[in-house]
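Undergrad: Sending over a structure as structure tokens; questions will come in a sec.
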Number of protein chains: 2
Amino acid sequence: MITGKNYIGNNLSAKGIKTYTTFNPQLNKENEFNFVEATTEEIDQAVHLATNAYEQFSELSGIRKAEFLNAIADEILALDALLITTYCSESGLPEGRAKGERGRTIGQLRSFAEMVKEGSWVEASLDTAIPDRTPIPKADLRKMLIPLGPVVVFGASNFPLAYSTAGGDTAAAFAAGCPVIVKSHPMHAGTGELVALAIIKAAVKTKMPNGVFSNLNSSGHEVGVALVKHAGVKAVGFTGSIDGGRALFDLASQREEPIPVFAEMGSINPVVILPKAVEKRGESLANTYASSITLGSGQFCTNPGLLLGIKGEALTVFIKHLSDAIVKIEPSCMLHPNIIGAYESNKQKAVSQSGLQVMADYDSDIKSNYARQTITTVEGKTFLENPTLHQEVFGPYSIVVQCEDKDQLERIITHLEGQLTGTIIAEESELNEHKEIVSALLGRVGRLIYNGVPTGVEVCPSMHHGGPYPASTDSRFTAVGIHSVKRWVRPISYQDWPDSQLPDALKNSNPLGISRLVNGKMTSSKI
Amino acid sequence: MITGKNYIGNNLSAKGIKTYTTFNPQLNKENEFNFVEATTEEIDQAVHLATNAYEQFSELSGIRKAEFLNAIADEILALDALLITTYCSESGLPEGRAKGERGRTIGQLRSFAEMVKEGSWVEASLDTAIPDRTPIPKADLRKMLIPLGPVVVFGASNFPLAYSTAGGDTAAAFAAGCPVIVKSHPMHAGTGELVALAIIKAAVKTKMPNGVFSNLNSSGHEVGVALVKHAGVKAVGFTGSIDGGRALFDLASQREEPIPVFAEMGSINPVVILPKAVEKRGESLANTYASSITLGSGQFCTNPGLLLGIKGEALTVFIKHLSDAIVKIEPSCMLHPNIIGAYESNKQKAVSQSGLQVMADYDSDIKSNYARQTITTVEGKTFLENPTLHQEVFGPYSIVVQCEDKDQLERIITHLEGQLTGTIIAEESELNEHKEIVSALLGRVGRLIYNGVPTGVEVCPSMHHGGPYPASTDSRFTAVGIHSVKRWVRPISYQDWPDSQLPDALKNSNPLGISRLVNGKMTSSKI
């Protein structure tokens, strides 16, 4: 079923000569299929088809887009065991994770389907005319959100399903009415092709215009660069490293017509452990965090890579418990030899910094591509002075910083780069005593967690997944949840437009029955 | 009352040695006051104060922010005749315009005050916990909008009040909870200082933190560049030329931490005149457009600089009427010798293009700094092939393009750069016959107008003022109306946060009584 070809709209295409394979990290060998990298001509064709498809797709009703989104979910489920085994063979992740991630992907698609079927997401706003207003009459103005145009989505290495081919970025873009061109992630090109096939089948079944979706293979940077620079592309979604995301952001900003890039990038997800909490619940916290740090081999963007506490016996005991607990956890396989290679070298760079102490390092025999979990510790002053220690070590690694006092802790937080999440572990009474710390953390993060772990990103409207740079390139948007659709839309106003010619969302009779802001009041009524 | 000094927070400061004056274009001579350009040290102080002020200001209640915004409006009104005469002396604009623009500025401030007092603008979203969900419990998540941090606002030459010191950008930033540093526009530095004084008085009266506002004088690029590059600045608002806006966007994008720049830039605001309409109402249309093109000496960002019609007798007659009507209008004064200089040279560049025909050019004697209104015409093919003709000529100038047919008209629209507005002049029956044209225009603009003129930007929620690049740097945001606050805010999620520690907007009891999305449904009820 896997052909190794690109989908240029509904058609398979393999005009290129450059090929590559994916890798099975569990078996430590290459997978069988050869993937043919997309050529410049194929890239042009995909963008051309997407541009044409946009005209029709952008004007489709919510009901029609919901049919498409639900059909994608159905087709993904129909791939059944083939998808799961391919996913596992290309990621080293276990079957349970594959199924869980498939469930999340399906859930995302269906929640966007619900959103567009209901229809109020277009934020319709109507201000009716006041012809007799003095000194000048007031025109009739009506505003709603419309799609930006073709969107390019870069698949994520660590989420072959939920943040790749038919993942959150793609689902949100389709919901918006934007055609999507996926730059397939080379580590899971087979999984990507299967999901692409599901999307194409769904598009054909639900009669979407050809070009609403394309899937381009690519092992290096060329295809992605060409897509982001292409004049027909109007926005970009990316999940991955800071270097990768920033490079795309720079390319997009330097275009003759700059386009928005929403890149969700690195994060060390600081966890602040306040004194009373660590004293009272040090051991259970240690167990909880040993699990969170090693979850999915530490390959989550919300992995807690930095624990901040105030020096003292309770913290010392906590570090001991954490170190003891973490080495008891069975190591797990990382996504790819390149990922484990980067983990080892980034960890090496961190532990070679002066003042850093290794508290735990899994030291039994281990299979190829399996990661040794590691806990280090350092004094607050040393951490504050050495920016290398602030960098993400993607994998099951965490550093515990022992601060002198509250002030140093606050100073460290204000010196951190932007983060996806920040966590406070505290007794409730401690929050009032540490208001400055909470407020400093709020300024650096996109999500504040109380007495929990940052791993586990709930998909719901109130989730914000993003944060000040470099957690994301634009902190004003989320990558998760239905509000992520706002990345791919812009408002348009109609002035004095004849009712019969207005989009349904703006007509007097409110034929969609959606919630609208009418002369400043929210209502579902007609005018 | 005008000192020529900068406001660094609440204090006047003039440490620099570089000074400049403003110019009275009506009298064709310099005004009396010397303005002292801000120094690097003063810029640092202003940003430092703003950063400190942010901590307190960002957490103020809507009621307190509304007091501040309303007090600014009151203080501006209290400036009374001094403000109006200063405005006129620095802009060459008539008293009526000054008063009208003051009214608009006051209206904007008060509408943002209403918005924050009511409070629902923070888009509170609550998803309550499901502790017994399987396989894993659902956490409690609550999301709302919070301010980005200090915002730099660049005053606009053509709106000394409504889009400068206390204009739309500043009012929206204050409403969001962001301190503001204004880079005062050198052409109206006196008007700027008076309004800055009003803001400072209001800030002191309503007990805002020192640094919530600063006003920096500047005659060149240095102050603006230093501000946009300053690590403490978190967002930028700009209204002006494409070159200026793009330069700031590039600086901001190239920072170590890129920040959003919302620049509202040039636009030629295409007007499509369909055949039946021009046949039926050519003469009245000509009169309407002669007025719109010359309104405020053509110095509006929504000035109709491009009229597109289909070749034929009716269009020829329309051009004749328009040309006859426009030269009968008394010329008016432009803002500054530099502005009229640019107008004359840009117009010269346009009319020297091959194939362009000048149909009207005011040729009687004229005062210094007064602009001669001009109408030109060109064939569709020539226009399509010469991008110079697509460039804005800021002033009372418009080009009428005579297209061969519908297809050429559509092709021209798709080849236009992004625009703030697009207008269709048509009989209602013609809209159905020209769906492709309407759809093409929709793709290039931020506001679609039917049978009206683009000048006159209503301030209301349904107004979108912005558009695809280069109309603005980010088409997803508006520069006008209460939704413009979204440029200066980002969402934050609280996970499992204790109710007593949540911001009021997210508390169970909904003490603000605002409209919130609770478990997917909009409601003002408590939980």
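The values are calculated or read from the model by the stated rules, or taken from the named source; none is laboratory data. Note that the structure is predicted; figures quoted are calculated from it, not measured. Using ideal geometry, Cβ is built from the backbone for each residue, glycine included, and neighbour counts are taken over all protein chains shown. These accessible areas exclude ligands, DNA and RNA; they are computed on the full protein's heavy atoms, side chains included. Shrake-Rupley method; radii C 1.70, N 1.55, O 1.52, S 1.80 Å.
Undergrad: Looking at the range B:157-175, which of its residues are aromatic (Phe, Trp, Tyr) and part of a loop (DSSP other than H, G, I, E, B)?
TA: B:159, B:163
Undergrad: Here's a follow-up. Taking the condition of being in a loop (DSSP other than H, G, I, E, B) and either polar (S, T, N, Q) or away from chain B (no Cβ under 11 Å) (or both), how many residues in the range A:222-238 meet it?
TA: Number satisfying all stated conditions: 4.
Undergrad: Before we move on, is residue A:422 buried (at least 23 other Cβ atoms within 10 Å of the Cβ), under 24 Å from residue A:278 (Cα atoms) and either more than 10 Å from chain B (Cβ to nearest Cβ) or touching a strand residue (DSSP E or B) at 6+ places or on another chain (Cβ under 8 Å) (or both)?
TA: Judged against the criteria, residue A:422 is a match.
Undergrad: Looking only at the range B:239-257, count how many residues are of a type in the set (D, E, K, R), within 11 Å of another protein chain (Cβ to nearest Cβ) and either open to solvent by 30 Å² or more (accessible area, probe 1.4 Å) or in contact with a strand residue (DSSP E or B) (Cβ under 6 Å, 6 or more places away or on another chain) (or both).
TA: 4
Undergrad: Looking only at the range B:516-523, decide whether some residue is assigned to a loop (DSSP other than H, G, I, E, B) and farther than 30 Å from residue B:474 by Cα.
TA: yes
Undergrad: Does residue B:145 satisfy being in contact (Cβ under 8 Å) with a residue 40 or more places away in the chain, buried (at least 24 other Cβ atoms within 10 Å of the Cβ) and touching a Pro at 6+ places or on another chain (Cβ under 9 Å)?
TA: For residue B:145, the condition - in contact (Cβ under 8 Å) with a residue 40 or more places away in the chain, buried (at least 24 other Cβ atoms within 10 Å of the Cβ) and touching a Pro at 6+ places or on another chain (Cβ under 9 Å) - is not met.
Undergrad: Another one. So which residues in the range A:449-464 are within 8 Å of chain B (Cβ to nearest Cβ) and crowded, with 24+ Cβ neighbours inside 10 Å, if there are any at all?
TA: Within the range A:449-464, A:449, A:462, A:463, A:464 meet the criteria.
Undergrad: Going by the conditions given, is residue A:279 open to solvent by 30 Å² or more (accessible area, probe 1.4 Å), among the charged types (D, E, K, R) and touching a helix residue (DSSP H, G or I) at 6+ places or on another chain (Cβ under 6 Å)?
TA: The answer is yes for residue A:279.
Undergrad: Within 21 Å of residue B:403 (Cβ to Cβ), away from chain A (no Cβ under 14 Å) and not hydroxyl-bearing (Ser, Thr, Tyr): which single residue out of B:274, B:322 fits that description?
TA: Just a single option satisfies the conditions, and that option is B:322.
Undergrad: Could you name every one of the strands (runs of 3 or more DSSP E) located completely within the range B:54-156 that has at least 2 residues being within 14 Å of another protein chain (Cβ to nearest Cβ)?
TA: Per the criteria, B:125-127, B:141-147.
Undergrad: Considering only the range B:28-51, state which residues are open to solvent by 80 Å² or more (accessible area, probe 1.4 Å), assigned to a helix (DSSP H, G or I) and of a type outside the set (Ser, Thr, Tyr).
TA: B:41, B:48
Undergrad: Could you tell me whether the range B:454-468 includes any residue that is within 21 Å of the chain's Cα centre (by Cα) and either assigned by TED's automatic domain parsing to the domain that holds residue B:298 or closer than 13 Å to residue B:305 by Cα (or both)?
TA: Yes, the range B:454-468 has at least one match.
Undergrad: Being among the polar types (S, T, N, Q), at pLDDT 95 or above and open to solvent by 20 Å² or more (accessible area, probe 1.4 Å) narrows it down to one of A:164, A:184, A:89, so name that one.
TA: Checking each option against the conditions leaves just A:89.
Undergrad: Of these, A:103, A:96, which one is open to solvent by 10 Å² or more (accessible area, probe 1.4 Å) and more than 19 Å from the chain's Cα centre (by Cα)?
TA: Within the list A:103, A:96, the selection yields A:96.
Undergrad: Still on this structure: Of everything in the range B:1-27, what is open to solvent by less than 80 Å² (accessible area, probe 1.4 Å) and either at pLDDT below 95 or of a type in the set (Ser, Thr, Tyr) (or both)? Give them in sequence order.
TA: Correct list: B:3, B:7, B:13, B:19, B:20, B:21, B:22.
Undergrad: Moving to a separate point now. Does residue A:261 fit the bill of being closer than 25 Å to residue A:425 by Cβ, crowded, with 21+ Cβ neighbours inside 10 Å and touching a Leu at 6+ places or on another chain (Cβ under 6 Å)?
TA: Considered against the rule, which asks whether it is closer than 25 Å to residue A:425 by Cβ, crowded, with 21+ Cβ neighbours inside 10 Å and touching a Leu at 6+ places or on another chain (Cβ under 6 Å), residue A:261 comes out as no.
Undergrad: Can you confirm whether residue B:340 is closer than 19 Å to residue B:92 by Cα, out of contact with any Phe, Trp or Tyr (no Cβ under 7 Å at 6 or more places or on another chain) and at pLDDT 95 or above?
TA: yes
Undergrad: Sticking with this structure for a sec: Would you point out which residue out of B:406, B:435 is at the interface with another protein chain (Cβ under 10 Å from one of its Cβ atoms) and open to solvent by 30 Å² or more (accessible area, probe 1.4 Å)?
TA: B:435
Undergrad: I'd like the full set of residues that are open to solvent by 40 Å² or more (accessible area, probe 1.4 Å) and touching a helix residue (DSSP H, G or I) at 6+ places or on another chain (Cβ under 9 Å), limited to the range B:333-351.
TA: Answer for the range B:333-351, where residues must be open to solvent by 40 Å² or more (accessible area, probe 1.4 Å) and touching a helix residue (DSSP H, G or I) at 6+ places or on another chain (Cβ under 9 Å): B:338, B:349.
Undergrad: Output the number of residues of the range A:468-516 satisfying the condition of being more than 10 Å from every other protein chain (Cβ to nearest Cβ), open to solvent by 30 Å² or more (accessible area, probe 1.4 Å) and aliphatic (A, V, I, L, M).
TA: Summing the residues that are more than 10 Å from every other protein chain (Cβ to nearest Cβ), open to solvent by 30 Å² or more (accessible area, probe 1.4 Å) and aliphatic (A, V, I, L, M) in the range A:468-516 gives 1.
Undergrad: Within the range B:295-319, how many residues turn out to be open to solvent by 10 Å² or more (accessible area, probe 1.4 Å) and over 20 Å from the mean Cα position of the chain (by Cα)?
TA: 7
Undergrad: State the number of residues belonging to the range A:207-223 that are farther than 12 Å from residue A:11 by Cα and open to solvent by 20 Å² or more (accessible area, probe 1.4 Å).
TA: Matching residues across the range A:207-223 total 5.
Undergrad: Here's a follow-up. Which condition number in (1) touching a Lys or Arg at 6+ places or on another chain (Cβ under 7 Å); (2) within 14 Å of chain A (Cβ to nearest Cβ) is the one that residue B:175 fails?
TA: Here residue B:175 clears every test but (2).
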